[in-house]
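First the structure, in the form of structure tokens, and then the observations on it.
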Amino acid sequence: MSLGNNIDDSDFERSEILYEAAVQMEVNGLPEEDALRVARELVAKRAEAEKSGKVVSDEQGNAVSYHDSSLNPEPVPESQRGAVNSTYQKLCESEGVESI
């Protein structure tokens, strides 16, 4: 299956993990290895919650929040958005994954 723009689902999922890892690194100060582990766990748990219907969805059916609040994406302070985006781009480049 493809999401268009030559990005397949595995790249999309990996991109989600890498973005979450960048948040964990920049907002929570985790080292890269720990951030990637936490990010993989969060993305997997979010996917399971979505499959189980344990989410609040918007009109298009996209998950906007999770019943388990620990799964909700952490807000990124305005002052750290640039650092998160930069780290995310570096992680994507190092793994050869297209950023979303």
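Looking at Asn5, Asn72, Asn85, Asn62, which one is modelled with pLDDT of 95 or more and open to solvent by 60 Å² or more (accessible area, probe 1.4 Å)?
One residue alone meets the criteria, Asn85.
Within the stretch 62-70, does at least one residue satisfy the condition of being closer than 13 Å to Ala22 by Cα, within 16 Å of the chain's Cα centre (by Cα) and not in a strand (DSSP E or B)?
No, because not a single residue in the stretch 62-70 is closer than 13 Å to Ala22 by Cα, within 16 Å of the chain's Cα centre (by Cα) and not in a strand (DSSP E or B).
Could you list, in sequence order, the residues of the stretch 14-53 that are of a type in the set (Asp, Glu), farther than 19 Å from Glu93 by Cβ and either open to solvent by less than 80 Å² (accessible area, probe 1.4 Å) or not in a helix (DSSP H, G or I) (or both)?
The answer is Asp34, and nothing else.
With over 20 Å from Asn28 (Cα atoms) and either hydrophobic (A, V, I, L, M, F, W, C) or in contact with a strand residue (DSSP E or B) (Cβ under 9 Å, 6 or more places away or on another chain) (or both) as the only criterion, which of Val76, Val64 stands out?
One residue alone meets the criteria, Val64.
The values are calculated or read from the model by the stated rules, or taken from the named source; none is laboratory data. If you're wondering where the values come from, they're calculated on a predicted model, not measured in any experiment. FYI the Cβ positions are ideal-geometry reconstructions off the backbone, even for glycines, and counts take in every protein chain you see. Only protein heavy atoms, including side chains, enter the accessible area calculation; ligands, DNA and RNA are left aside. Shrake-Rupley method; radii C 1.70, N 1.55, O 1.52, S 1.80 Å.
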